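Visitor: Mind looking over this structure? Questions follow.
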Amino acid sequence: MSSLELYPLDERLPRGERVMFNLYMITALLLFVLMMLLGLTMRMTQAEWTPVLAGMFYKIMTMHGAGMVGTMSLASTAVMWFFLRKYVSLHLWAFVSNYVLFMLGALCIIWAVFIGNFASAWTFLYPLPVHSMGLWSSGAAAAFMIGYLLIGVGMLLFYLDAAAAIIRRYGNLGRGLGLQWLFGGTIDPTHPKAVVAGTMVIIANSLGILAGAVVLVMCLINLYDPEITLNALVVKNLIYWFGHMIINATIYMGVIAVYELLPRYTGKPYGISRPFLWSWAVSTVFVIIVFPHHLLMDYAEPRWMLVMGQIISYAAGFPVFLVTAYGVLTNIHRSGLRWKMPSMLAVLALFGWAAGIVPAIIDGTISVNRVMHNTQWVPGHFHFYLLLGVLPMILTLLYHVVGSRRRAPVNSGADRTGLFLYVVGGISFCMAFLYAGHVSVARRFAVHLPEWVPTDRVGSVAAMVLILGMLVFAVRIIVGLLKAPADADPSHPAG
Amino acid sequence: MIFQNVIWAITLTGMGLVALGFVYAITQAGRPAEAAEAARVNRRSITLRRGLFLALLLLGIGIAWASLRPFPIPPQHAPLQATQVVDVIGHQWTWDVSQTHLKVGEPVEFRVTASDVNHGFAIYAPDGRIVTQTQAMPGFTNKILYTFDTPGTYRIMCLEYCGVAHTGMTTELEVAAAGDKP
């Protein structure tokens, strides 16, 4: 069980680790703001407030998608590393390698999009990368895919190191996940939630990344030898197996911050339990096999896979609603919670996750998907749980760390104003998408029909408010991270 | 009633219930409970969670059963017995539609494929709502069985991003009332 001490000693970062943590998080914060500005540009283009041509719009769309997924992964990996290193012995070289490979991959992607004009969306759905109609070259498509491969290799290195560390400490991954207590036995109350969640992510996301690597290599071969054609449906399955898992893994890595930190602000232990272990065990399976819900409109897909996509989408809601969200509500209920920035963000994060999956689960119904697929309903629900769920999880840790360096939780008026802007802007932004989806506004359109423009304008204004809040967070956190620890002792470099 | 409006209402209800749960816990969060009361609240929350689990389980099974029987996608490898058949091929960035004049009340079989990249074949009703859709994928034919119930001009739009002119990939279907010449 995690400590209730606000700033425990075993969480302090030695100098080298602090530099890496700062690099990860400052990079992520800057990228989040940049990617949000790209998103705002798209919404303002649809709102007819910014004259962006279709060619540039789709480049921005490709960069925004790839950039946001990559940045979420980068930052949530740092969340997982921050807590997991307390319980198992992680190597700093793996953490550093992941960062270096991420940056190299990001450079490839930025080059491919803005110099090479690659605009095939972050999902690079085959065979669009080889059917550019003269807008981008094979070299640009290859650079984009190699960028993904580099990022994937970095993540895999980190996961392999973490898996080895968990196996060294607990014997095998199953014991890290707590499977030995599913059907009985006395649960070790000190078994860390961070290890359970980390093990789940290692298992699921390694499979996803491997699927991604396979499909990327297949597409690269096809790029340079078009005689070797691919089965478009198989490729799409592999892309969504990879894509679904990599973005879902960010939630499961991010939520570790809530598990670890919220009890310190409520003062109530948040113990490990059998329902908790069951929820993570079944989530491991669900997240691996739920991806066909992205292919519900591919009627050539085997029927059993479509049925599985719908049923598992429903089932995936149980662990979220009944274990994690319910567990958090139980933990804060009648606790005497200290409302500081980290605790407010943690509660927001769980709300964003739980509320955001409601429209996602509903869209997992085949007959609903038939009228909602590829409308703005889809960005509506994933923005809800990414903007109001995962990002606040990451911010929870960051505000906590900033507080730890001055030995007092952050709670200034400026930060609270930022949070107010972020929540109001974020909810309005997502609801504008969802409303538009229910009136059949298409997603990924550079130009909108006149009757669609009003929701685009609401979404644009909301995005501006949200970004103002994010700017406050970014500036405050970056300044806080760069400050030396309050009790730094030059002879014992830690922080 | 428009199907999308029903979905919207259900979604708002679900999200509203989640929000209510959070609002309740947040309003109670500042009042720490005594040890005895905390134990009582804990027991009550476990009972409540069991009830919620059962309720959601029954709801999920019920909705899954109702929404999958009959299966909402027509058989893809058997004749569909439709009186009107339309072959659709998506290209970057046009639709090749074999027949654009159809009749209300008679089932239409759309056989949808693509010649180059993935496209999304979506039919928008005259009121601007999607009535049905499927993917147009090279190498595969996806079959839709749909019966129009309202005459008018329906718009076909591409809903799968397919390149720079994706937005302009539209065409129209004219659906005539029963008795009118299609």
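Visitor: Taking the stretch A:109-133, which residues are assigned to a loop (DSSP other than H, G, I, E, B), over 23 Å from the mean Cα position of the chain (by Cα) and not small (Gly, Ala, Ser)?
Guide: We begin by selecting, within the stretch A:109-133, every residue assigned to a loop (DSSP other than H, G, I, E, B); these are A:116-127, A:131-133.
Then keep just the ones that are over 23 Å from the mean Cα position of the chain (by Cα); that gives A:116-118, A:126-127, A:131-133.
Passing the criteria: A:Asn117, A:Phe118, A:Tyr126, A:Pro127, A:His131, A:Met133.
Visitor: What is the number of the single condition among (1) in contact (Cβ under 8 Å) with a residue 40 or more places away in the chain; (2) in contact with a Phe, Trp or Tyr (Cβ under 8 Å, 6 or more places away or on another chain) that A:Trp278 does not meet?
Guide: (2)
Visitor: I've got another one for you. Among the numbered criteria (1) part of a helix (DSSP H, G or I); (2) modelled with pLDDT under 95; (3) within 12 Å of A:Ile332 (Cα to Cα), which one does B:Arg49 miss?
Guide: Result: B:Arg49 fails condition (3) only.
Visitor: What's the total number of residues in the stretch A:100-139 that are aliphatic (A, V, I, L, M), within 14 Å of chain B (Cβ to nearest Cβ) and farther than 19 Å from A:Ala446 by Cβ? Walk me through it before giving the result.
Guide: Keep residues of the stretch A:100-139 that are aliphatic (A, V, I, L, M), which gives A:100-101, A:103-104, A:106-107, A:109-110, A:112-113, A:115, A:119, A:121, A:125, A:128, A:130, A:133, A:135.
Checking the rest, the ones that are also within 14 Å of chain B (Cβ to nearest Cβ) come to A:113, A:119, A:121, A:125, A:128, A:130, A:133, A:135.
In the following step, the residues that additionally are farther than 19 Å from A:Ala446 by Cβ were identified as A:130.
Going through the stretch A:100-139 one residue at a time, the tally reaches 1.
Visitor: Further, regarding this structure: If you go through the stretch A:182-217, how many residues are buried (at least 17 other Cβ atoms within 10 Å of the Cβ) and of a type outside the set (Lys, Arg)?
Guide: Result for the stretch A:182-217: 23.
Visitor: Also, quick follow-up: Could you give every pair whose Cβ atoms fall below 6 Å, whose first residue belongs to the stretch B:46-70 and is facing chain A (nearest Cβ under 10 Å), and whose second residue is surrounded by 10 or more Cβ atoms within 10 Å (Cβ to Cβ) and among the hydroxyl-bearing types (Ser, Thr, Tyr), counting only separations of at least 6 or pairs across chains?
Guide: The qualifying pairs are B:Arg49/A:Tyr326; B:Gly60/A:Tyr314; B:Ser67/A:Thr365; B:Ser67/A:Ser367.
Visitor: In the stretch A:224-248, how many residues are crowded, with 20+ Cβ neighbours inside 10 Å and at pLDDT below 95?
Guide: Total satisfying the criteria: 0.
Visitor: Quick check: is even one residue across the stretch A:200-210 within 17 Å of A:Leu84 (Cβ to Cβ) and part of a loop (DSSP other than H, G, I, E, B)? I'd like the intermediate steps shown before the answer.
Guide: Let us first name the residues in the stretch A:200-210 that are within 17 Å of A:Leu84 (Cβ to Cβ), namely A:200-206.
This time we only want the ones that are part of a loop (DSSP other than H, G, I, E, B), so: none.
Taking every residue of the stretch A:200-210 in turn, none turns out to be within 17 Å of A:Leu84 (Cβ to Cβ) and part of a loop (DSSP other than H, G, I, E, B).
Visitor: Give the stretch A:402-456 a look and list any residue that's within 21 Å of B:Thr167 (Cα to Cα), more than 9 Å from chain B (Cβ to nearest Cβ), aliphatic (A, V, I, L, M) and more than 26 Å from the chain's Cα centre (by Cα), or say none.
Guide: A:Val453
Visitor: Against the definition (in the same structural domain as B:Gly163 (by TED's automatic domain parsing) and either touching a Ser or Thr at 6+ places or on another chain (Cβ under 6 Å) or not in a loop (DSSP other than H, G, I, E, B) (or both)), how does B:Val18 come out, yes or no? Talk me through it step by step, then tell me what you get.
Guide: Working: in the same structural domain as B:Gly163 (by TED's automatic domain parsing): no; either touching a Ser or Thr at 6+ places or on another chain (Cβ under 6 Å) or not in a loop (DSSP other than H, G, I, E, B) (or both): yes.
In short, no.
Visitor: Of all residues in the stretch B:11-52, count the ones that are among the charged types (D, E, K, R), within 17 Å of A:Gly317 (Cα to Cα) and out of contact with any Leu (no Cβ under 7 Å at 6 or more places or on another chain). If you could, list the steps in order and put the result at the bottom.
Guide: Our first condition is that a residue be among the charged types (D, E, K, R); within the stretch B:11-52, this holds for B:31, B:34, B:37, B:40, B:43-44, B:49-50.
If we keep only those that are within 17 Å of A:Gly317 (Cα to Cα) too, we end up with B:49-50.
Applying the additional criterion that residues be out of contact with any Leu (no Cβ under 7 Å at 6 or more places or on another chain) yields B:50.
Qualifying residue count, the stretch B:11-52: 1.
Table: residues versus (1) modelled with pLDDT of 95 or more; (2) buried (at least 24 other Cβ atoms within 10 Å of the Cβ); (3) more than 13 Å from chain B (Cβ to nearest Cβ).
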| residue | (1), (2), (3) |
| --- | --- |
| A:Leu345 | yes, yes, yes |
| A:Leu350 | yes, yes, no |
| A:Pro359 | yes, yes, no |
| A:Ile362 | yes, no, no |
| A:Val390 | yes, yes, yes |
| A:Leu398 | yes, yes, yes |
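Visitor: Further, regarding this structure: Quickly run through the stretch A:287-305 and pick out the residues that are assigned to a loop (DSSP other than H, G, I, E, B) and more than 20 Å from the chain's Cα centre (by Cα). Spell out how you get there, then give the answer.
Guide: Let us first name the residues in the stretch A:287-305 that are assigned to a loop (DSSP other than H, G, I, E, B), namely A:290, A:295-302.
If the condition is that a residue be assigned to a loop (DSSP other than H, G, I, E, B) and more than 20 Å from the chain's Cα centre (by Cα), then A:Leu295, A:Leu296, A:Met297, A:Asp298, A:Tyr299, A:Ala300, A:Glu301, A:Pro302 are the ones that fit.
Visitor: Identify, please: which residue in the stretch A:1-59 is of a type in the set (Gly, Ala, Ser) and farther than 23 Å from A:Leu387 by Cα and is, among those, surrounded by the fewest Cβ atoms within 10 Å (Cβ to Cβ)? Lay out the reasoning, then the answer.
Guide: Filtering the stretch A:1-59 for residues of a type in the set (Gly, Ala, Ser) gives A:2-3, A:16, A:28, A:39, A:47, A:54-55.
Cutting the leftovers down to farther than 23 Å from A:Leu387 by Cα gives us A:2-3, A:16, A:54-55.
On the way: A:Ser2: 24, A:Ser3: 15, A:Gly16: 12, A:Ala54: 18, A:Gly55: 15.
In this case the residue turns out to be A:Gly16.
Visitor: Out of the stretch A:328-347, which residues are more than 21 Å from the chain's Cα centre (by Cα) and within 27 Å of A:Thr284 (Cα to Cα)? Talk me through it step by step, then tell me what you get.
Guide: Within the stretch A:328-347, the first condition is being more than 21 Å from the chain's Cα centre (by Cα), and the residues that meet it are A:329-340.
Correct list: A:Leu329, A:Thr330, A:Asn331, A:Ile332.
Visitor: Assess whether A:Trp81 counts as being over 20 Å from B:Gly163 (Cβ atoms), at pLDDT 95 or above, surrounded by fewer than 22 Cβ atoms within 10 Å (Cβ to Cβ) and out of contact with any Pro (no Cβ under 7 Å at 6 or more places or on another chain).
Guide: Working: over 20 Å from B:Gly163 (Cβ atoms): yes; at pLDDT 95 or above: yes; surrounded by fewer than 22 Cβ atoms within 10 Å (Cβ to Cβ): no; out of contact with any Pro (no Cβ under 7 Å at 6 or more places or on another chain): yes.
No; evaluated as a whole, the condition is false for this residue.
Visitor: If B:His77 satisfies all but one of (1) at the interface with another protein chain (Cβ under 9 Å from one of its Cβ atoms); (2) more than 22 Å from A:Gly336 (Cβ to Cβ); (3) not small (Gly, Ala, Ser), what's the number of the condition it fails?
Guide: B:His77 satisfies every listed condition except (1).
Visitor: Let me confirm something: among A:Asn374, A:Asn369, which residue is modelled with pLDDT of 95 or more and on the phi > 0 side of the Ramachandran plot?
Guide: Values: A:Asn369 fails: on the phi > 0 side of the Ramachandran plot.
On inspection, the qualifying residue turns out to be A:Asn374.
Visitor: Next question. Can you tell me which of (1) at positive phi; (2) more than 10 Å from chain B (Cβ to nearest Cβ) is the one A:Met341 doesn't meet?
Guide: Of everything listed in (1) at positive phi; (2) more than 10 Å from chain B (Cβ to nearest Cβ), A:Met341 misses just condition (1).
Visitor: If you scan the stretch B:4-29, which residues turn out to be more than 20 Å from A:Ala325 (Cβ to Cβ) and either without any contact (Cβ under 8 Å) to a residue 60 or more places away in the chain or of a type in the set (D, E, K, R) (or both)? Break it down into steps so the answer makes sense when it comes.
Guide: Filtering the stretch B:4-29 for residues more than 20 Å from A:Ala325 (Cβ to Cβ) gives B:4-9.
Residues satisfying the conditions are B:Asn5, B:Val6, B:Ile7, B:Trp8, B:Ala9.
The values are calculated or read from the model by the stated rules, or taken from the named source; none is laboratory data. Just so it is clear, the structure is predicted and the values come from calculations on it, not from any experiment. Methodologically, a virtual Cβ is constructed for each residue, glycine included, from the backbone with ideal geometry; neighbour enumeration extends over all protein chains shown.
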